[in-house]
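Student: Okay, handing you the structure first.
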Amino acid sequence: MGKPRDKFWDHAEAISNEGEGPRWKCKFCNKIFSGGASRIKAHLSKAGGGGIKVCEAVDEATMEAAKEALEGLESNKKNTKRRRLETGMSSPSVNPQVADLQPTLPFLGQSNLDSLLQGSPDAIHGTGLPRQCELMDLDDISTCSGFGESTMCARMQEFRDEILVEGPSNAQINDQSNMPWSIFDAAAVDRSDWHQYGTLPEQVLHLVSDDHCRSMARDLQGENANSPSPEIQSLQPDAPILLPVKARPPLSESTLKVRTSEVNICEDNPVQGEHDPLVEACKANNTMIMQPDRFDPMQIDLDPNNGGIASLLPQLSSGSISAATDFKQDEMLAPKLTGRDFIVDKLWDFLMKDNILRIGVYGMGGVGKTTTMKHLYNKLCASTAFANVLWITVSKDCRIHDLQNKVAKALNVPDLFKDVDEAMRSTLLFNHLRKKMKSLIILDDIWQHFELKEVGIPVMKDGIQLVLTTRDVGICQRMLCQEVIRVKPLSDEESWNLFLETLHSDLSPSRIAIAESIVKECKGLPLAINVLAGSMRGVDSDHGWEDTLEKLKKPEALQEDMRTGVFPILLHSYSRLNVKKQQCFLQCALYPEDWKIYTGELIESYIDEGLIRGDSRWKMYNEGHQVLDELVKACLLEEVAHYSYNYHFYDIYGGRRRVRMHDVVRHMALYIMNGNSPCMVKSGLGLEDVPNEDEWFPSLQKVSLMYNKIEVVPSMSPNCPQLSTLSLRGCSGLCDIPQCFFERIRELKVIDLSHTHITRVLGSVINLDKLNALLLRKCSKLSRIPSLVKLTLLKKLDLRGCKGIEEVPDGLGMLVNLTYLDLSETRIERISNGVISELKKLQYLRVEYIEVKGEEVGKLKKLELLQCRFLNVKELNKYTQAQQATTIKSYILLIGPHANHKYWHNMRQFVHNNDDDNLWDKKVVIMGEGQYNIGEVCHLPRDMKALRIDGFSGSWNTSSFSQLEELEVLHIENCGEVTALSGSGSASRGQPGDHCPNLKVLVIRKWPKLKHMLVLGRSCSSTFYLKKLKWFRIHGCKELESIVAAEEASSSSSSPPPPPLLPPGAFSQVQSIRIIDCPKMKNLIGPELLPHLHFLQWISIDGAINMDEIIVMPSPRRPPAMSPLLPLLTSIYVSGSEKMKRVLSVELFMILPNLQEITVQRCGQMKEVIGQELLLDHGATFGTNNTSSLLSHPIAASPDQLSARKLTLKLYHLEELESICSWAGLRDLIHVIDIKNCPKLKRIEMLDVHDGMIVASPPPSLKEILLSIDGDGEWWDSLEWFHPVAKTALEPYVFITPRYPTHKIPIQEWRSAIILGRKPKMWRRK
């Protein structure tokens, strides 16, 4: 029996580790460690060392007791050493079986290695001790001096004591009397076949705990550092201790299980990148003698940075590295992660998926990408998910050659490319990595794209996975990342927490508000927050804090810490741009802080400033967008979410695009601008006065006072001879500028007074003969402009929205260099003859409702964008005939005599977002009332994409639509005599064939005589095939009966009319059908149309008062279609169909596999939403008995499709509704029921009956039942139930909503409020 259990185990909880060595958890700090009682003492005494962290939570009494215990142990060791010296004890004789090992042990005290090293591996294994100790007789350690005059023997004595005495009470101790003797015999080791294995034979090594090996080695290092033997005093204290290991395995195969692979050491890790001092010292002193023909057991390196358990293997050549064991790297030093844990978790989830091999992480400089990746690295190293995790910092200007060297160094094979031809480097690295087990390579800070095969990185399943970080999302895309994650700035709360943590001191109440403002100025950038928090340490006065805040608000006075600690990081991204992109980036800083800038406006400013040049405005726009794309990808700009007007029906042009600049990046941009070319930027600061004259330095080149509250400019004349740009844009209170202001600013090239209330343009402005751009947009008070004759260099004149201007400015025809003219939204009605024709360099002409001559405009050969009005079709024809070789890229042409702005504005509503960002590639013709007449030739542009025709008389002639191959949108309104759009029912067919093959949107509105959209006979006679039609809308056609109809039989024929023959592919791409106010329609989708609607998703019917069926099934006389009907239909909306008694039958519902929402309102005769019978056109019915047969039909949805569906029902104002659906199977599909004012609905069968059984539990997919506040709560209480408990079970899902359902409350809370006679809290007015 051993000594009593060490008392310090009372402070630790033993953890079962299944043979991998003792582990324990501290009861004070709850951290887990390996080892025995001595390590518990080191942990609790706060002595640390040996790889064990100190306990921060231990109480003082326990800490002192642990210190005393450790001091007593050290005293015993010294006494033992003293007794040996006094008695002159010599080392025991050397065992002949290990005598040949002495040359390899000089650092352990070669002269004293005389004792026989022997012991029981079984006994050691039973305690979880490392395999390194299995040669030592534990009873003899106390008297052994073979390890030199160090404390190592005392340390081994400690291990013996921990095994026999100090372990936890439940430790399994083997009886030493039964231990077999094993003697190390190096000569008996046969390594001849090692190199032929991808991994070593299992019999070679015993399973040991890496953590235990590391902990023992670190403890031994620490003690040898404190008391080195004479032989190793020249080595550094942290040198690893090399212990012998038994090579001949006497153990059973069940105990010999070691997973082996290649050695992988991440030397680019700053924590792991240290040199091994022992190896360097031994190389220098030539003290390690390698025997090439035999295994040297002394080549065991237990330094955790050098591979841990991998070091137990024999030293192989670099070509045989694959025989080594994988290892766990130490953690990287990293600051605490704030607000990024979810990114680490997301990356982890991606990495655990076998099909995701490449992941990109991007974000602006200083946002925390590297810190996040370090935490991912540490998490992966602490797990067994990957055999190897390599960290490689790619850095700026890294070539493929350099990257290959870094990978080889991380693999611990720096000589991999020695004497290798350059062309073979990638192949050699590829083959080396391909042999790896599951591994991860982290490439941090990539600045340019490269092909992985050119480097030699084989990304593949069960092999290498890749995670990269970059500032440019384009690199992620070019490197084929399957998942891309953006690291965004921190939220306000996360920023504040990071600031407090970095500051590391308490804030007084008076400074909290100031500190919060300082943090907000950082806009969530961790780098800036850390720098500022560090700089504020030790600032004890409130004045110091306030001064810092003021400097942050004024970039020109920015404090030194930001300039030296933050800007250099961000400047890397800026410095990689070419000069043009740098200037475009700096231009964004002229706008106010956090301003959302429309890209069209920004690109125009690039052109105005001469940053982008060219002879084509369309090409310059493309270049501008390309520049902005690269700035966004480089994270120097942020893209703001698009927005667009939601017209529900269609929107083919998309929303407007905006970008903004992060505030810290803007500060850097202003810092650069002032260093290169002095600027005054005070935009968006709320200034009420223009800066004093002494602030207008002679060297100023740009002044931006945008969006301030300036109302008056004082009588001053700034002396700024180099000033080229002046912007007072958005100073809405500004009414006047004194005449003298521009007298000494003669070099001005750009003046922007847009969105001000100025009433006149000064003569001094008109005298600026070098002016390139005069921007007066939305100056609504401006009524007149003096003669422009002197502005001969003017290239751009923008008067859009100047509603007070009624006449064309004098001298406009003399501006021969003008390339951009915008007179839209003024009160000018027409431009005189001969003016436009003189502006031969015009690229951009936007006059909208102003009448111009077609021939003059058609002769402008450089024109690329045109918006104007022609008086009639004849002028349109002159324009199209004059354009022989057109350069036009975008146009909106209005045809008609109306000069009323409101008329044309309403007509143009079908062309959405008519703004600078979305002007290009719009090709639209709008023909006003009375402009389209039969017999008149109309030469429509062949590349037209959208056409609207309003109000014409006579018969319909489709000949004008021939060869309109680009037409995508057709809107026709107020056509009085037409009975059919196309087919045999139209008055004039035109030539057969698909005249508009790319038509996507069709709107028919207010055709009083229209009966059928397409009338078809035995042969296809349609001029509209509608193969690519996606959306169509029919509105206000009072006589419309159907979409498709058969040709009427002649009176002399006794045979029935033939079935209509649709053109091939007709309606096959339709996604949305909307019918409004068509009272004579009986059904929407008939048997002829039904099989063609493969992509239909939405059906909307409003005001079809006589419609009784939405979808009519084919007759059984016809062979059924083998494919599912309406496979993508997700939503049905019905309103105002007074004669409709149900929306669908159960049978039809079952063959609509994706129907997810049904909305029904104000259908006065609706009895049941989903009915049980299907009425066919010949009077036959399918009843309940036919349901099973229908489900087995090829067109029926599968059971899996039905079970995956979640159905939402919205039922409003259905006064006759008696049942939702009597089919109990609907219960399993119900997700949301929203009911308002359905007074006759007394039971909801599907909620408490299933398969004929009464149930008292909610449906499995039910999310909520919504009731209106107007009496529906009482209605719910009055419902009838088969099982009373069913109502109770459902009530947690029932909510009451107000008339405008922005909120909802549980019905129990509503009842309580009613009882107390008050409104629920959330509905009260504030």
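The values are calculated or read from the model by the stated rules, or taken from the named source; none is laboratory data. What you are looking at is a predicted structure, and each value in this text was computed from that prediction instead of being measured. Glycine gets a Cβ as well: all are built from the backbone with ideal geometry, and neighbour counts include every protein chain shown. To get the accessible areas, we keep the full protein, side chains included, count just its heavy atoms, and leave off ligands, DNA and RNA. Shrake-Rupley method; radii C 1.70, N 1.55, O 1.52, S 1.80 Å.
Student: Need one number: nm distance between label points at LYS1082 and LYS46, each 7 Å from Cα along Cα→Cβ, rounded to one decimal.
Tutor: For LYS1082 paired with LYS46, the spin-label model returns 9.4 nm.
Student: Report the calculated FRET efficiency for SER1312 and LEU1279 (r = Cβ-Cβ distance, R0 = 25 Å), to the nearest 0.05. Please list the in-between numbers first.
Tutor: Values: r = 20 Å, r/R0 = 0.80.
The pair SER1312/LEU1279 has a calculated efficiency of 0.80.
Student: To the nearest 10 Å², what's TRP1098's accessible area with a 1.4 Å probe?
Tutor: The value for TRP1098 is about 100 Å².
Student: Calculate, in nm to one decimal, what GLU331 and MET1253 gain on full extension: separation in residues at 0.36 nm each, minus their alpha carbon distance. Kindly include the intermediate steps, with their values, before the conclusion.
Tutor: Numbers: separation 922, 0.36 × 922 = 331.92 nm, distance 6.04 nm.
Contour length minus Cα-Cα distance gives 325.9 nm.
Student: Could you pull out which residues in segment 479-501 have an amide N less than 15 Å from a spot 7 Å beyond the Cα of ASP349, following the Cα-Cβ vector?
Tutor: 483-486
Student: Quick check: residue separation of LYS1206 and LEU685 times 0.36 nm, minus the Cα distance between them. What number comes out in nm?
Tutor: On the way: separation 521, 0.36 × 521 = 187.56 nm, distance 5.20 nm.
182.4 nm is the gain from fully extending LYS1206 to LEU685.
Student: I'm a student and want to see the number: the projected area of the Cα convex hull of segment 456-614, averaged over all directions, in nm². Numbers along the way, then the final one.
Tutor: Values: hull surface 56.3 nm².
Here the figure is 14.1 nm², rounded to one decimal.
Student: Which peptide among 573-581, 875-883, 774-782 comes first, and what is the full order, when sorted by highest mean count of other Cβ atoms within 10 Å? Intermediate values should be presented prior to the final figure.
Tutor: Numbers: 573-581: 15.0, 875-883: 18.4, 774-782: 20.8.
Highest-to-lowest ranking by the protection proxy: 774-782, 875-883, 573-581.
Student: Over segment 422-468, what lengths in whole Å, largest first, do the semi-axes of the equivalent ellipsoid take, defined as the square roots of 5 times the eigenvalues of the alpha-carbon gyration tensor? Let's see the in-between values first.
Tutor: Working: eigenvalues 56, 52, 10 Å².
Semi-axes, largest first: 17, 16, 7 Å.
Student: Using only the alpha-carbon atoms of segment 649-795 as identical scatterers, what base-10 log of I(q)/I(0) does the Debye formula give at q = 0.09, 0.12, 0.14, 0.21 Å⁻¹?
Tutor: Values returned for q = 0.09, 0.12, 0.14, 0.21 Å⁻¹ are -0.32, -0.55, -0.73, -1.45.
Student: Can you give the Kirkwood hydrodynamic radius of segment 342-418 from its Cα pairs, in Å with one decimal?
Tutor: 14.4
Student: If packing is taken as the average number of other Cβ atoms within 10 Å across a peptide's residues, how do 1149-1155, 510-516 rank, most packed first?
Tutor: Listed from highest to lowest mean packing, they are 1149-1155, 510-516.
Student: Let me ask you something else. Which whole-number value in Å² is the accessible area per residue of segment 385-460, probe 1.4 Å?
Tutor: Working: 3270 Å² over 76 residues.
Accessible area per residue: 43 Å².
Student: Can you give me the % of accessible surface on segment 475-588 that is carbon or sulfur? Probe 1.4 Å, all protein chains present, nothing else counted. Present the calculation step by step, with values, prior to reporting the outcome.
Tutor: Values: 2730 of 5560 Å².
Using a 1.4 Å probe with all protein chains present, segment 475-588 comes out at 49 percent carbon and sulfur.
Student: Mind giving me the FRET efficiency for GLN482 and VAL712? R0 is 56 Å, r the Cβ-Cβ distance, nearest 0.05 is fine.
Tutor: Details: r = 59 Å, r/R0 = 1.06.
With a Förster radius of 56 Å, E is 0.40.
Student: Quote to one decimal, in nm, the extra length available between ARG1243 and THR564 on full extension: 0.36 nm per residue of separation minus the C-alpha distance between them. Numbers along the way, then the final one.
Tutor: Values: separation 679, 0.36 × 679 = 244.44 nm, distance 7.37 nm.
Going from the current span to full extension adds 237.1 nm.
Student: Another question, then. Take the residue pairs LYS580/LYS709; LYS803/LYS923; LYS379/LYS406; LYS336/LYS1263; LYS7/LYS31; LYS406/LYS580 and return only those whose Cα atoms are more than 28 Å apart.
Tutor: Numbers: LYS580/LYS709 33 Å; LYS803/LYS923 26 Å; LYS379/LYS406 23 Å; LYS336/LYS1263 40 Å; LYS7/LYS31 19 Å; LYS406/LYS580 34 Å.
Violating the 28 Å Cα-Cα cut-off are LYS580/LYS709; LYS336/LYS1263; LYS406/LYS580.
Student: OK, next. Using just the alpha carbons, could you tell me how many Å³ per residue the convex hull of segment 705-771 encloses?
Tutor: Working: hull volume 4.9 nm³, N = 67.
Cα convex hull per residue, to the nearest whole number: 73 Å³.
Student: Divide, for segment 390-442, the radius of gyration over alpha carbons by 2.2 N^0.38 Å, where N is the residue count. Mind showing how you got there, number by number?
Tutor: Values: Rg = 11.0 Å, N = 53, 2.2 N^0.38 = 9.9 Å.
Cα Rg divided by the expected 2.2 N^0.38 Å: 1.11.
Student: Could I ask something else about it? Can you give the accessible area of GLU60, probe radius 1.4 Å, in Å² rounded to 10?
Tutor: Accessible area, nearest 10 Å²: 130 Å².
Student: Based on the Cβ-Cβ distance from ASP736 to ASN692, what FRET efficiency comes out when R0 is 22 Å, to the nearest 0.05?
Tutor: On the way: r = 19 Å, r/R0 = 0.87.
For R0 = 22 Å, the calculated efficiency reads 0.70.
Student: For LYS379 paired with ILE512, estimate the spin-label separation in nm (one decimal), with each label point 7 Å from Cα along the Cα-to-Cβ line.
Tutor: With each label point 7 Å from Cα toward Cβ, the separation is 3.2 nm.
Student: What does the highest-first list of 40-46, 817-823 look like by mean Cβ count within 10 Å? Intermediate results must be reported in sequence, preceding the final value.
Tutor: On the way: 40-46: 23.1, 817-823: 21.4.
The peptides rank, most packed first, as 40-46, 817-823.
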